[in-house]
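The block underneath contains the structure these notes are about, expressed in C-alpha cells.
The values are calculated or read from the model by the stated rules, or taken from the named source; none is laboratory data. What you see is a predicted model; the values in this text were computed from it and never measured. A quick note on method: Cβ atoms are made from the backbone with ideal geometry, for glycine too, and the neighbour counts reach across all protein chains shown.
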Amino acid sequence: MTDSSTVASPRPPSGPPAPAPKESGPAPARPRSERRIITPEGVPLAFQLAERGERAAAVLIDLVIMMLAIALIALAIVFLFGRVGVVEVGFGVTLLTSFLIRNFYFIYFELRWQGATPGKRALGLRVIDRKGGYLRPDSIFARNILREVELFIPLTLLLIGPGEGSSAWINLLTLGWLSVFAFMPFFNKDRLRAGDIVAGTWVVSAPKTLLLSDVAAEAKTATGSTQAVDPDYAFTREQLEVYGIYELQTLEDVLRQRGPQTEETLREVTRRIQRKIGWAGDEAVDSRRFLEAFYAALRAHLESRMLFGERRESKHDRKPPPGGRAGSDST
Amino acid sequence: MSAPLKSYEFRREREASWRELEGLVGAAEKSGLKSLPADQLLRLPSLYRAALSSLSVARSISLDQNVVSYLESLCARAYFQVYGSRSNFFEGIRRFFAYSFPAAVREALWPVLIAAAWMILGSLVGFLLVQHSAEWYGSFVPVDLAGGRDPASSTESLREVLYRPGDTAESLYLFATYLFTHNSKIGLISFALGFALGVPTVLLMFYNGLVLGAFLALYDDRGLVWELAAWLSVHGTTELLAIVLCGGGGLVLARAIIFPDQYSRLDSLARRGRAAGTLVMGAVVMLFVAGLLEGFVRQLVTDVSTRYTIGGTMLAFWLIYFALAGRGRHYGDD
C-alpha cells in the first residue's frame, strides 16, 4: 500500500470496498471458471461454470419440488380412489406417478426449458453442450439417467438405510463407492458430474447483465456538446499516455458507484489522477465532471490506439511509443 | 484532442436492436418461444446474429466494459433460445421411436451381445449348480423374489403359481407397476454402473442369469420347465431383452473409457454416452411394456401354447423393429 505505484492507481485508499482486485498489475487474467464455446456463427461466447454450491442448491430445490409433488399426488389419489373403494389401484397409480416424476422430472424440464429446471432457473443456471451445438435430447436423457447412481441411490441409502440383512461393512463400502459418484464434481476442474461427462455437457451460470448508460455519454450531456470531449477539460497526449485499459475500467467502476461515500472517493481519485498526470489546470474542479471528462478522453485515446492494433493493458504495459502515427489522434 | 468516441457512436447506432432482442429473449424465457407472435419469431435469428456481430466488434473496439459484458450475456441468452433443445415434445418422441432408438441399438450391437452372453452364462451356471445341489438355490434367489417358490415347495404349489388366476384386477395392476418400477431401476443401475469400467454391469447381468437359471433348474427338477418357460416367455422376452440392452448401454460406457480410440477419454465418453442414454431410455419403455404383459396378460392367459405365441411374437417384433426401423440412418443423423 505504500509503494509509489499504488499511489497513482485510481483506487480509493479507504471508504467503500474497492472495485478492483488487490494487485494493480496487468489486467486480471480470465477467471479459472470461464469456459468458451464457439457458436455456429464462429463467435466465441464466454460462460462461467456454475459453482458447486449453486448446483447443490438447485438440486435441493428440485428435490423439494419433486417430493411435494409426489406427496400431493399420492394424497389426492389415495383420497379419490379410497372414496371409490379401489385403494389398490390407487397404490398402483401412486407408485407409477412417483416413478415417473422421479425419473422424468429433470428430463421434462430440461427438454422444455432449454436446459433448465425450476431449481436451476431459480439460481440462473443452465445446461449447455460443451461443443457449442444445441442441447440434444439424448444428452438430456444420458445426463439424467445417471442421476440414479449419483443422487437417488446414495440418498435412499442415507435417508432410509440399507435393506435388512446386509452387513454394516458392505453398507459402508457401498456408500463409499457411491460417494465417488456423488462427489465427482469436486474432483475435476470443469465441475462435471458423471452425467455431464457422459452427456458432454457443462452447467454454467447465465446471469442477466443490464445495459447501463455510457459513462462517456454523461460527460457529453453534462456540457451539451456533441463531441467526445468536455471543452473545459482538455488533456494532452502525454497525460493520456499515463494509464492503460485496466485503469480505465477501474475508473468506470468508480464512476458507476452510487453510495454515501461516493463524493469522498471521487475527490480522492481526482486528486491522485491530477497528481499523476501533472494536471496544470485549476485544482478545485467538480470531481465527477472532471473524472467523466478524463474517462471519455482516455477511452477515446485508448480505443483509437486499439484500432491500430495496440492494446495497452495497464499503466505497466510499456509499448514502444507509436512513433510515425503520432498525428493520428491528436489535434 | 478531439478523437471521436467510436464506441459511443457504435453503441448509439445499434442499441435499439439490442433492446429489441433483449425484449424478445425476455419474453421467450418467461413463457416459451411459442408465445412469440410469428413476425417477432422471425426477427429473432437475425437480431441474434446482429448482436453476435456487435459483440465481435465491441470486443475489438470498445473499452466500455458494461457494453461488452451486456452483449456477452445478451448473446448467451439469445443463443440458448436459438440453439436450445429444439424439439417439440411429441415430434421428439416420434423421432425417438422411428429411428433414434433402433439406430442406437444397432450401433451397440456388440456390447449388447456381450451383455447377453454374460446373462446366458449366468443362467447356465445357475442351472447346473442348482441341478447338482438344491442348496445353491437359496444363495442365488433372494427370499422376496422367490415368493415361496423354493426347493421345499410341493410340485403342486409350484405349478399353481404358473396358473394362478388373476385374483382381482386391482392387485394385478399393483403388481405390474411394482414390477415395472423395480425392473427399470435394475436397468438404469446396470447402465449407470457401466461408468465403473463395466465390472458391476457384467456382474449384474451374470447375477440376473444365475437367478433365472436357478428357477429353471427348480422347475426342471419337477418336470415343469416347459410350462415355466411358457409362463416366463410372455413378458420375459421383452423384459430380458430390455435388461440386456441396459447392460449393453453400460458396456458402451465402459468401452468408451477403456478404448477411447483417437479421442480423449472425456470426448469419447461424451460421444458414446449419448447414444447409450438413448438405448437405455428405450429399454425403460420396453420394461413398461413388459410390466403390462407380466401384470395383466400373463395371469389372464393360462394356455401354454398361447403364452408361447405371445412371447414369441413379442420377441420377433422387437428383433424386426431393431433390425429394420429407420434402417440406413446412423445414430446422430438429424
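When the test is whether a residue is within 25 Å of residue B:253 (Cβ to Cβ), in contact (Cβ under 8 Å) with a residue 60 or more places away in the chain and within 14 Å of another protein chain (Cβ to nearest Cβ), residue A:127 passes it.
Within region B:111-124, residues that are in the same structural domain as residue B:240 (by TED's automatic domain parsing) reach no partner that is outside any helix (DSSP H, G or I) and among the hydrophobic types (A, V, I, L, M, F, W, C) with beta carbons closer than 8 Å at six or more positions or on different chains. Applying the criterion of at least 3 residues that are modelled with pLDDT of 75 or more to the helices (runs of 4 or more DSSP H) found wholly in region A:160-252 leaves A:168-182, A:194-199, A:237-240. If you scan region B:54-75, which residues turn out to be out of contact with any Asp or Glu (no Cβ under 8 Å at 6 or more places or on another chain) and of a type in the set (Ser, Thr, Tyr)? The answer is B:54, B:56, B:60, B:69, B:70, B:73. Just one residue in the set B:74, B:52, B:41 is at pLDDT 85 or above and surrounded by fewer than 18 Cβ atoms within 10 Å (Cβ to Cβ); that residue is B:41.
Within region B:99-140, which residues are farther than 30 Å from residue B:258 by Cβ and in a helix (DSSP H, G or I)? So that I can check it myself, show each step before the final result.
Start the filter on region B:99-140 by keeping residues that are farther than 30 Å from residue B:258 by Cβ, which leaves B:127-139.
Listed by number, the residues that qualify are B:127, B:128, B:129, B:130, B:131, B:132, B:135, B:136, B:137, B:138, B:139.
Among what's in region B:3-30 and is basic (Lys, Arg) and more than 8 Å from every other protein chain (Cβ to nearest Cβ), pick the residue that is surrounded by the most Cβ atoms within 10 Å (Cβ to Cβ).
Within region B:3-30, the match that is surrounded by the most Cβ atoms within 10 Å (Cβ to Cβ) is B:14.
If I filter region B:284-302 for residues that are over 24 Å from residue B:92 (Cα atoms), more than 14 Å from chain A (Cβ to nearest Cβ) and among the aromatic types (Phe, Trp, Tyr), do I get at least one hit? The answer is no, given that none of the residues of region B:284-302 is over 24 Å from residue B:92 (Cα atoms), more than 14 Å from chain A (Cβ to nearest Cβ) and among the aromatic types (Phe, Trp, Tyr). The listed residues are B:55, B:42, B:33, and the only one of them that is within 11 Å of chain A (Cβ to nearest Cβ) and either free of Cβ contacts under 8 Å to residues at least 24 places away in the same chain or closer than 28 Å to residue A:251 by Cβ (or both) turns out to be B:55. Just one of (1) away from chain B (no Cβ under 11 Å); (2) outside any helix (DSSP H, G or I); (3) at pLDDT 75 or above fails for residue A:271. It is (2).
Name every residue in region B:242-273 that is surrounded by 23 or more Cβ atoms within 10 Å (Cβ to Cβ) and without any contact (Cβ under 8 Å) to a residue 40 or more places away in the chain, in order of residue number. Within region B:242-273, B:256, B:269, B:270, B:272, B:273 meet the criteria. Taking the conditions (1) surrounded by fewer than 17 Cβ atoms within 10 Å (Cβ to Cβ); (2) of a type outside the set (Val, Ile, Thr); (3) part of a loop (DSSP other than H, G, I, E, B) in turn, residue B:316 satisfies each one other than (3).
Taking region A:89-148 as the search range and keeping residues that are part of a helix (DSSP H, G or I) and β-branched (Val, Ile, Thr), which one is surrounded by the most Cβ atoms within 10 Å (Cβ to Cβ)? Step by step, filter region A:89-148, then rank; the result is A:145.
Within region A:255-264, can one find any residue that is within 13 Å of chain B (Cβ to nearest Cβ) and in a helix (DSSP H, G or I)? Scanning region A:255-264, I find at least one residue that is within 13 Å of chain B (Cβ to nearest Cβ) and in a helix (DSSP H, G or I), so the answer is yes. Step by step: first the residues of region A:40-68, then only those that are in contact with a strand residue (DSSP E or B) (Cβ under 8 Å, 6 or more places away or on another chain) and among the aliphatic types (A, V, I, L, M), then the one that is surrounded by the most Cβ atoms within 10 Å (Cβ to Cβ). Which residue is that? Checking each candidate, the answer is A:50.
What is the residue count in region B:319-333 for residues that are assigned to a helix (DSSP H, G or I) and not small (Gly, Ala, Ser)? Lay out the reasoning, then the answer.
We begin by selecting, within region B:319-333, every residue assigned to a helix (DSSP H, G or I); these are B:319-324.
Going one step further and asking which of them are not small (Gly, Ala, Ser), we end up with B:319-322, B:324.
Matching residues across region B:319-333 total 5.
Across region B:256-266, which residue is farthest from residue A:138 (Cα to Cα) among those that are more than 8 Å from chain A (Cβ to nearest Cβ) and assigned to a helix (DSSP H, G or I)?
Within region B:256-266, the first condition is being more than 8 Å from chain A (Cβ to nearest Cβ), and the residues that meet it are B:256-265.
Applying the additional criterion that residues be assigned to a helix (DSSP H, G or I) yields B:256-258, B:265.
On the way: B:256: 17, B:257: 19, B:258: 22, B:265: 19 Å.
Per the criteria, the residue is B:258.
Just one of (1) facing chain B (nearest Cβ under 10 Å); (2) closer than 16 Å to residue A:151 by Cα; (3) in contact (Cβ under 8 Å) with a residue 60 or more places away in the chain fails for residue A:99. It is (3). Contact annotation: residue pairs with Cβ atoms under 7 Å, 6 or more positions apart or on different chains, pairing a residue in region A:187-214 that is more than 8 Å from chain B (Cβ to nearest Cβ) with a partner that is among the polar types (S, T, N, Q) and not in a helix (DSSP H, G or I), are A:204/A:48; A:205/A:48.
Modelled with pLDDT under 85 and touching a Ser or Thr at 6+ places or on another chain (Cβ under 9 Å): does that describe residue B:210? No: the conditions fail for residue B:210. Checked against the criteria, residue B:250 counts as out of contact with any His (no Cβ under 8 Å at 6 or more places or on another chain) and closer than 23 Å to residue A:103 by Cβ.
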